[in-house]
1. If we keep just the residues of region 111-134 that are away from the ligand (no atom under 14 Å from the Cβ) and crowded, with 21+ Cβ neighbours inside 10 Å, which is farthest from ILE36 (Cα to Cα)?
2. Cβ contacts < 8 Å: first residue in the same structural domain as VAL363 (by TED's automatic domain parsing) and open to solvent by less than 10 Å² (accessible area, probe 1.4 Å), restricted to region 394-415; second residue aromatic (Phe, Trp, Tyr) and not in a helix (DSSP H, G or I), any location; separation 6+ or different chain. Result?
3. Name the residues in region 39-75 that are within 16 Å of the ligand (Cβ to nearest atom), of a type outside the set (A, V, I, L, M, F, W, C) and open to solvent by less than 10 Å² (accessible area, probe 1.4 Å), would you?
4. Given the criterion within 30 Å of ASP55 (Cα to Cα), surrounded by 21 or more Cβ atoms within 10 Å (Cβ to Cβ) and in contact with a Phe, Trp or Tyr (Cβ under 7 Å, 6 or more places away or on another chain), identify the matching residue among VAL332, VAL389.
5. Any residue in region 170-197 that's outside the structural domain of THR353 (by TED's automatic domain parsing) and open to solvent by 10 Å² or more (accessible area, probe 1.4 Å): show its pairings with residues that are among the charged types (D, E, K, R) and outside any loop (DSSP other than H, G, I, E, B) at Cβ separation under 6 Å, as long as the two are six or more apart or on different chains.
6. Just name the residue that is nearest to ALA176 (Cα to Cα) out of those in region 368-384 that are crowded, with 19+ Cβ neighbours inside 10 Å and in contact (Cβ under 8 Å) with a residue 40 or more places away in the chain.
7. In region 77-106, what count of residues is obtained for those that are away from the ligand (no atom under 12 Å from the Cβ) and either within 15 Å of LEU156 (Cβ to Cβ) or assigned to a loop (DSSP other than H, G, I, E, B) (or both)?
8. Within region 152-181, count every residue that is away from the ligand (no atom under 12 Å from the Cβ) and β-branched (Val, Ile, Thr).
Amino acid sequence: MSSVSEPVVAVARRSGPLKGRLRAPGDKSMSHRALIFGLLAVGETRIEGLLEGEDVLATARACAALGAEVERLGEGRWRVRGVGVGGLRSPDAPLDFGNAGTGSRLMMGVVGGHPITATFDGDASLRSRPMRRILDPLALIGAEVTACAEGGKLPLTLKGPETALPITYETPMPSAQVKSAVLLAGLNAPGVTTVIEREATRDHTERMLRAFGAEVTVEPHGEHGRLIRLVGQPELRPAVVRVPADPSSAAFPLVAALIAPGSEVTLEGVMTNPLRTGLMLTLKEMGADIATENLREEGGEEVADLVVRAGPLKGVDVPPERAPTMIDEYPVLAVAAAFAEGETQMRGLHELTVKESDRLAAVHAGLVANGVAARVEGDDLIVEGRGGVAGGGAPVRTHLDHRIAMSFLVMGLGADAPVTVDDATMIATSFPTFLPLMTGLGAEMETKA
Ligand code: S3P
């Protein structure tokens, strides 16, 4: 299990206008996938702009343990010499994924389609997260769990089958991780693996499969869903992957610039894949001034520069079907909603309860502790915006969750009294440069010794 570091308290204070430009680090979803596809291709994959956060570094180490040569060439520049689909070896030691749900679940898909055995472990947050959603379809493919903690949780040992079975699987919840685990296992199955999702989720796996030479088709399914077919046992060819800036990380300076009066901030090279832009759409409905410039393509994804200017926001109703396109952004949207005038209803948030923490509960508690009128009704979060936030509450409990920490630090930038979070160390999992980049824009935030 990951070593546990001492918590570090951090505080954010009301700040003057934020000004300047920044590039958020590489997209976390794409960074995990680029390394994994590098492992599964034969030959040398080059990655530019890789997120060098703890989560992704754990995936890099796991790729090496499964047989790839993984090398850092310079800042964000990595080389992976892969062994190919079917060419993996069982790792000698348990794979420690730290805090990373995506890394661990996608890699379970890889192991679950190969005749190898691996043990998966992680920190207290990852050990508490549900894994049956991955293990159930992997059992249909032929994989077996030979040891696990109660409830099918980490630490667990997974043994892949001699021959993986191609399956047709409808995901029971909207989850790109579940979809991706099935597709990654299906890569080593003879025949066609089919995944059906009732609501479309981020499609980086499908895009990257294609970029590495696999045969994948995607069709609409029902009102909001998709049907994905993958032809198994391809020889994946190595690729050059340029990873755009992560919209889920850019979300923090974006909301900060909206709520700190007089701000104007440019966010460079942000991925604008339509399955990731729910937050932008919602903020625009709230009246946010966000201009999209220099639309272009990078790494097989749409990318743009976003120019964000502070201004008044109004409460809106966020429909449940939008959740898959902004699932990681609800904590920071709730912060924006607290500064808006009027009620914001965020509906259909069940999946938020099984993230790095129970984010529905953690966001609600942090808002209320800082004087925001908010309530949870079933799977819905309702925030009564009053155009400002008191702040000054007891330290917000972050429960080993990077996005809870960053969201409440952003809240402090516009609050009347400082906002404190009990631990900022987990920010390093996804956005290691958060504090210096934010203070570089003029944000008043710091860690406390
Ligand atoms: C991710 C999918 C989402 C998201 C996570 C990254 C991915 O999780 O919350 O941060 O890269 O596939 P779910 O698949 O559990 O919704």
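1. Out of the qualifying residues, it is ASP123.
2. HIS402/PHE431; MET406/PHE431
3. GLY53, ASP55, THR59
4. Working: VAL389 fails: within 30 Å of ASP55 (Cα to Cα).
On inspection, the qualifying residue turns out to be VAL332.
5. What qualifies is PRO174/GLU199; GLN177/ARG105; VAL192/ARG229; THR194/ARG229; ILE196/GLU170.
6. For region 368-384, the residue satisfying everything is LEU381.
7. In the first step, residues of region 77-106 are kept if they are away from the ligand (no atom under 12 Å from the Cβ); the result is 77-98.
After this cut, where a residue has to be either within 15 Å of LEU156 (Cβ to Cβ) or assigned to a loop (DSSP other than H, G, I, E, B) (or both) as well, the list is 84-98.
Here the count works out to 15.
8. Residues in region 152-181 being away from the ligand (no atom under 12 Å from the Cβ) and β-branched (Val, Ile, Thr): 4 in total.
The values are calculated or read from the model by the stated rules, or taken from the named source; none is laboratory data. Keep in mind the model is a prediction, meaning the values are calculated, not measured. Cβ sites come from the backbone with ideal geometry, for glycine too, and all protein chains shown count toward neighbours. For accessibility, only protein heavy atoms count, side chains too; no ligands or nucleic acids. Shrake-Rupley method; radii C 1.70, N 1.55, O 1.52, S 1.80 Å.
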